[in-house]
Amino acid sequence: MRVHWEERGSGPLVVLLPYANADPAVYDPLEAELVRDHRVVRYDDRGTGDSDRTGPFDMKTGADDLEAVLEEVGGPAVVVALGDAVHRAARVTARRPDLVDAVVVPGGSPAGRKRLEDSEALVASDSVVDAFLSMGATDYRGALRTVVSAANPQMSEEELRERVNRQVAYQPQETVIARWRAWAEDDATDAGRACGDKLWLLYSEDMSGGWFPAGEEGRQLARRLFPDAHVEEVDDGMISRADLTGGFVRRVTARARAATT
């Protein structure tokens, strides 16, 4: 099984994790911002991009692949994770703290859906998630459009169409649906707690497009479920504003380096 990865730049290691609703171009501005003073690694999950198409596409296998990549590129690293990648990152950090200096999460958390039952977030609703998974199986483009438009209300119709086209080309339907289902059934809360202060959970009022707890609700849940994590409010646009994200990652890498000197 071959997982394709590539690197640019030099300095403290940062790994930008692929996730189950990923268009690789999403990370391009952040990579361009960080390569000035960081070594930035990106890779394609199995079943996507230039990696082999061999399954399975479950959480355990995904975490094992991440661990293998970190070993190969020579961790420890600061990893930036979104979506289902947060669960994989938490598991690897908990069991291999020597490979991960910090996990930076710009929206979301390692918590399973059952932990969010009292939340107003869409992901807490079984009926919403079931309907979305069914849509993904029958109308893959429509499902992608739903989540992309919710998370990126500033996009024009043409931009949405181009983004969906790129994602369909990068991530085959069967691979993504398997990962979505695995994510919906997974709970990495215990692994997230085991990460301690290596876990950095960022929140804002509109960061998650309604799918995950945001704003004050997001802050309270993060504090309750992950008491040792860093929970910080950030400006909206944390993903689209590479300068904001890059500045935050620099804070984390500087802190990690200081702790080892």
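Name the one entry in Val69, Val79, Val73 that is at pLDDT 90 or above, within 24 Å of Gly218 (Cβ to Cβ), touching a strand residue (DSSP E or B) at 6+ places or on another chain (Cβ under 8 Å) and of a type outside the set (Phe, Trp, Tyr). Working first, answer last.
Numbers: Val69 fails: within 24 Å of Gly218 (Cβ to Cβ); Val73 fails: within 24 Å of Gly218 (Cβ to Cβ).
So the residue among Val69, Val79, Val73 that is at pLDDT 90 or above, within 24 Å of Gly218 (Cβ to Cβ), touching a strand residue (DSSP E or B) at 6+ places or on another chain (Cβ under 8 Å) and of a type outside the set (Phe, Trp, Tyr) is Val79.
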Test for Pro172: is it modelled with pLDDT of 95 or more, farther than 15 Å from Gly108 by Cβ and surrounded by fewer than 18 Cβ atoms within 10 Å (Cβ to Cβ): no
Which numbered condition Leu16 misses (of (1) closer than 19 Å to Tyr170 by Cα; (2) surrounded by 22 or more Cβ atoms within 10 Å (Cβ to Cβ); (3) over 15 Å from the mean Cα position of the chain (by Cα); (4) not small (Gly, Ala, Ser)): (3)
Only one of Asp52, Asp37, Asp58, Asp64 that is free of Cβ contacts under 8 Å to residues at least 12 places away in the same chain and surrounded by fewer than 20 Cβ atoms within 10 Å (Cβ to Cβ): Asp64
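Among the candidates Trp183, Trp200, single out the residue that is under 21 Å from Thr48 (Cα atoms), touching a His at 6+ places or on another chain (Cβ under 8 Å), at pLDDT 85 or above and not in a loop (DSSP other than H, G, I, E, B). Before you say what the answer is, go through the steps one by one.
Values: Trp200 fails: under 21 Å from Thr48 (Cα atoms).
Trp183 is the lone residue from the list that is under 21 Å from Thr48 (Cα atoms), touching a His at 6+ places or on another chain (Cβ under 8 Å), at pLDDT 85 or above and not in a loop (DSSP other than H, G, I, E, B).
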Pairs, first closer than 16 Å to Gly112 by Cβ in region 73-95, second among the hydroxyl-bearing types (Ser, Thr, Tyr) and not in a loop (DSSP other than H, G, I, E, B), C-beta under 9 Å, six or more apart: Ala90/Thr189
Tally of residues being under 16 Å from Trp183 (Cα atoms), under 20 Å from the mean Cα position of the chain (by Cα) and either among the charged types (D, E, K, R) or not in a helix (DSSP H, G or I) (or both) across region 116-159: 1
Failed condition for Asp98, given (1) buried (at least 22 other Cβ atoms within 10 Å of the Cβ); (2) closer than 26 Å to Ala258 by Cβ; (3) in contact with a Pro (Cβ under 7 Å, 6 or more places away or on another chain): (1)
Matching entry among Thr189, Thr138 (being surrounded by fewer than 19 Cβ atoms within 10 Å (Cβ to Cβ) and over 22 Å from Glu232 (Cα atoms)): Thr138
Single residue of Ala191, Ala256 found to be part of a helix (DSSP H, G or I), more than 25 Å from Ala131 (Cα to Cα) and touching a Lys or Arg at 6+ places or on another chain (Cβ under 6 Å): Ala191
Residues (part of a helix (DSSP H, G or I) and either out of contact with any helix residue (DSSP H, G or I) (no Cβ under 8 Å at 6 or more places or on another chain) or at pLDDT 90 or above (or both)) located in region 222-248: Ala222, Arg223, Arg224, Leu225, Leu244, Gly247, Phe248
Residues satisfying the stated conditions in region 104-120, i.e. closer than 27 Å to Ala77 by Cβ and of a type in the set (Gly, Ala, Ser): Gly107, Gly108, Ser109, Ala111, Gly112
Single unsatisfied condition, Ala150 versus (1) over 30 Å from Arg2 (Cβ atoms); (2) surrounded by fewer than 16 Cβ atoms within 10 Å (Cβ to Cβ); (3) in contact with a helix residue (DSSP H, G or I) (Cβ under 7 Å, 6 or more places away or on another chain); (4) of a type in the set (A, V, I, L, M, F, W, C): (3)
Top-ranked residue of region 84-115 - restricted to ones that are part of a helix (DSSP H, G or I) and more than 18 Å from the chain's Cα centre (by Cα), ranked as farthest from Tyr203 (Cα to Cα): Arg95
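The values are calculated or read from the model by the stated rules, or taken from the named source; none is laboratory data. For clarity, every value in this text was computed on a predicted model and none was experimentally measured. So basically every Cβ, Gly included, is an ideal-geometry build from the backbone, and we count neighbours across all protein chains shown.
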